[in-house]
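Chemist: I'd like to ask you about the structure that follows.
Where a number appears in this text, it was derived from the coordinates with a stated rule and is not lab data. Treat the numbers as computed from the prediction; the structure is a model and nothing was measured. Here Cβ is always computed from backbone atoms with ideal geometry, including for glycine, and neighbour counts include all displayed protein chains.
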Amino acid sequence: MVFSSLIFVFLFFVANIITQALVTDMRKKNIVMLAFSLVFYAWAGIRYVPLLLGMTFICWFSALLIQRRRSPKAKKSTLVACLVLVLLILGVFKYTGFFLRNVQVLLGFPKVIPEIVLPIGISFYTFQLLSYVIDVYRGDTEAQEKYWLLLLYASLFHQCIAGPIVRYRDVNQDILYRRVKQTELSRGITRFTVGLAKKAVLANGCAAVVRDVFGIAQDAELTAAIVQGTSVSGMWLVMIAYTLFIYLDFSAYSDMAIGMGLMCGFHYKENFNYPYVADSVTDFWRRWHISLSTFFRDYVYIPLGGNRCSKGRHIFNLFVVWGLTGMWHGASWNYILWGLYYFVFLVIEKYLVDTGRIPKALRHVLALLIVAFGWMLFRFEDSAQLGAALKGLFGLNGNDFTALSSRLVFRNNVLFLIFCAAAATPLGKTLSNMLKNLSQQNSLCLRLYGIWDAVLPVLLLLLAMMSLAGNQYNPFIYFQF
């Protein structure tokens with residue numbers, strides 16, 4: 001079940017909102033929310049649920065031990081044991097196949113590599129649970145005495161599958177004492193419908209542009225030969241469309257998660273801040289997937305020494321963080337390469353190039369190009385496809401500069417892509433604020449703005465439903481992580 005499906009929007013979430021409104025006792029309200037969350041998670045496969053229950057138990061029990069033990073050494077040993085065990089479980093499910101495939105290439109064994117299915121959302125809820133245990137160790141939050149309440153935190157269906165990565169200390173009060181305010185309910189509905197329309201119309205539309213350039217159906221397999229035969233202009237169109245797609249897709253999920261949280265009394269932090277307006281790679285990562293970048297900052301980068309150390313040590317710290325960032329995204333060399341790609345540019349910005357001397361407009365263009373090329377590394381897991389894609393951008397495959405098919409795709413979608421590019425900027429937010437400020441100066445404008453504020457979610461919902469009709473399989477890209 002995905003947020004952008006009719007069964008979720010009109011059945012599951014409606015039932016959840018109604019039950020949350022009808023049940024007034026907080027304990028019962030949490031029990032109902034936990035039941036909904038576990039059903040949502042089990043929808044992808046009930047066999048994944050015991051793993052979620054087990055990892056939550058390990059972290060719950062470890063945090064209680066850490067809080068109750070008096071010896072700093074005993075606290076630290078408990079923390080280390082918990083981290084090793086939880087990360088080992090994550091490693092077995094996520095990286096066993098990757099490790100064995102590389103061993104097979106180097107040494108010729110094993111002959112058969114076991115197929116281990118990656119539990120959905122494991123990277124997200126693992127990091128959430130780890131942040132909880134570490135925060136208890138640091139004294140930043142109290143250990144949760146009740147296992148089922150920690151399980152509720154780990155499994156909240158709003159964000160369990162694909163983020164944002166929520167820290168326990170940020171939602172503890174909401175779990176125990178939340179109440180839904182009328183203004184937040186209204187904001188939540190608007191935020192949810194904005195995210196739904198962003199996914200159903202814009203993100204799915206950008207994905208369709210990529211498929212059209214390659215000339216493949218939605219369920220067809222992309223091959224290296226198809227990529228190699230794509231024209232130069234076609235490959236640039238793919239890069240642009242995919243760059244827009246991955247932002248619109250992932251930010252749409254975060255919008256919907258934040259909106260649903262508001263409708264239920266939970267307050268999740270923002271996960272994106274218009275990353276494509278960044279004027280440097282450093283600025284981009286302050287704006288992109290904020291919950292992940294701050295996790296690595298607080299739990300890996302700073303404990304390693306951050307930037308308060310020698311130049312060599314600082315570069316090493318960056319190398320570790322960005323290598324891990326790449327690995328977190330997937331068990332494939334292209335993801336590791338993608339992480340280290342950003343490591344190189346961050347070191348260049350920090351030590352080799354004074355970006356302040358570059359005109360702001362040029363800095364912005366360069367940052368966008370770096371990010372867009374990075375998404376090519378991210379997009380193609382197959383090394384042959386990746387090589388063909390990178391060479392195809394510069395005509396090194398012997399491919400034509402342009403082709404009739406790519407020109408037709410561009411002409412048919414150029415206005416749509418321009419609109420998507422505008423949607424990736426603060427333009428819409430700026431216009432909305434201007435209208436709101438204008439309405440406060442005139443009573444008629446205020447009434448019109450109130451009508452528009454009420455009608456907008458309905459229009460967005462109808463638009464999304466029309467786009468989703470007959471297209472029920474449209475998972476979010478970050479489900480695979």
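Chemist: Tell me, 289, 158, 364 in order of fewest to most beta-carbon neighbours within 10 Å? Walk me through the intermediate numbers first.
Modeler: Details: 289 21, 158 26, 364 17.
Lowest to highest Cβ neighbour count: 364, 289, 158.
Chemist: On full extension of the chain, what length is gained from residue 446 through residue 462, given 0.36 nm per residue of separation minus the C-alpha to C-alpha distance? Before the final figure, lay out the partial values.
Modeler: Numbers: separation 16, 0.36 × 16 = 5.76 nm, distance 2.47 nm.
Full-extension gain reported as 3.3 nm.
Chemist: Give me the orientation-averaged projected area of the Cα convex hull of segment 15-74, in nm², one decimal. Can you show the working numbers first?
Modeler: On the way: hull surface 23.4 nm².
With every direction weighted equally, the projected area is 5.9 nm².
Chemist: Going through the cross-link list 28/76; 73/94; 181/429, which pairs have a Cα-Cα distance over 26 Å in this structure?
Modeler: Values: 28/76 36 Å; 73/94 31 Å; 181/429 23 Å.
Too far apart for the 26 Å limit: 28/76; 73/94.
Chemist: Turning to a different aspect of this structure: May I ask which residue of 72, 414, 148 lies farthest towards the positive end of the charge dipole of the chain, with charges of +1 (Lys, Arg) and -1 (Asp, Glu) on Cβ and the Cα centre as origin?
Modeler: Highest projection toward the positive end goes to 72.
Chemist: Work out how much length residue 383 to residue 146 would gain on full extension: take 0.36 nm times their residue separation and subtract the Cα-Cα distance, in nm to one decimal.
Modeler: 80.6 nm
Chemist: Next question, about the same structure. Using Cα-Cα distances under 8 Å and only pairs 6 or more residues apart, what relative contact order does segment 1-82 have, in percent?
Modeler: For segment 1-82, the relative contact order is 17 percent.
Chemist: Pick out, in residue order, every one of the trypsin sites (Lys or Arg not before Pro) in segment 1-108 that is DSSP loop and has at most 11 other C-beta atoms within 10 Å; say none if there are none. Provide the component values of the computation, followed by the final result.
Modeler: Values: sites: 27, 28, 29, 47, 68, 69, 70, 73, 75, 76, 94, 101; in loops: 69, 70.
Within segment 1-108, the qualifying trypsin sites (Lys or Arg not before Pro) (loop, at most 11 other Cβ atoms within 10 Å) are 70.
Chemist: Same structure again: Would you kindly compute the Cα radius of gyration of the chain and its largest Cα-Cα separation (Dmax), both in Å?
Modeler: 23.5, 77
Chemist: How high is the relative contact order of the chain, in percent, counting Cα pairs under 8 Å that sit 6 or more residues apart?
Modeler: On the way: 595 pairs, mean separation 95.0, N = 481.
Reported as a whole number, the value is 20 percent.
Chemist: Would you mind putting 130-142, 34-46 in packing order, based on average other-beta-carbon counts within 10 Å, highest first?
Modeler: Details: 130-142: 19.3, 34-46: 17.1.
Highest-to-lowest ranking by the protection proxy: 130-142, 34-46.
Chemist: If I model a spin label at residue 73 and residue 433 as a point 7 Å from the Cα along the Cα→Cβ vector, what separation in nanometres do I get?
Modeler: Using points 7 Å along Cα→Cβ, the separation is 5.5 nm.
Chemist: If amide hydrogens are placed 1.01 Å from N in the peptide plane, which non-local residues have theirs closer than 5 Å to the one on residue 381?
Modeler: Amide H to amide H, under 5 Å and 5 or more residues apart or across chains, residue 381 pairs with nothing.
Chemist: With every atom except the alpha carbons ignored, what do you get for Rg and Dmax of segment 68-171, in angstroms?
Modeler: When restricted to Cα atoms, segment 68-171 yields Rg and Dmax of 17.1, 50 Å.
Chemist: While we're on this one: Whose amide H sits under 5 Å from the amide H of residue 272, counting only residues 5 or more places off or on another chain, with H placed in the peptide plane?
Modeler: When sequence neighbours closer than 5 places are left aside, the close amide H contacts are 290.
Chemist: Can you pull out the trypsin sites (Lys or Arg not before Pro) in segment 268-376 whose DSSP state is coil and whose Cβ has at most 16 other Cβ atoms within 10 Å?
Modeler: Passing sites in segment 268-376 are 269, 308.
Chemist: Sort the following peptides by mean Cβ neighbour count (other Cβ atoms within 10 Å, averaged over residues), highest first: 112-118, 222-228. Intermediate values should be presented prior to the final figure.
Modeler: Working: 112-118: 11.1, 222-228: 16.6.
Top to bottom by mean Cβ count within 10 Å: 222-228, 112-118.
Chemist: Regarding segment 344-481, what are the three Cα extents along the principal axes, ordered largest first, in Å?
Modeler: For segment 344-481, the Cα spread along each principal axis is 62, 49, 35 Å.
Chemist: For segment 22-178, calculate the relative contact order in percent as a whole number, restricting contacts to Cα pairs under 8 Å that are 6 or more residues apart. Don't skip to the end; give the middle numbers.
Modeler: On the way: 154 pairs, mean separation 52.2, N = 157.
It rounds to 33 percent for segment 22-178.
Chemist: Related question: Test of the criteria: in segment 371-475, which chymotrypsin sites (Phe, Trp or Tyr not before Pro) are in a DSSP loop and have at most 11 other Cβ atoms within 10 angstrom of their Cβ?
Modeler: Working: sites: 373, 375, 378, 380, 394, 401, 410, 416, 419, 449, 452, 473; in loops: 380, 394, 401, 473.
Passing both the DSSP loop test and the Cβ count: 394, 401, 473.
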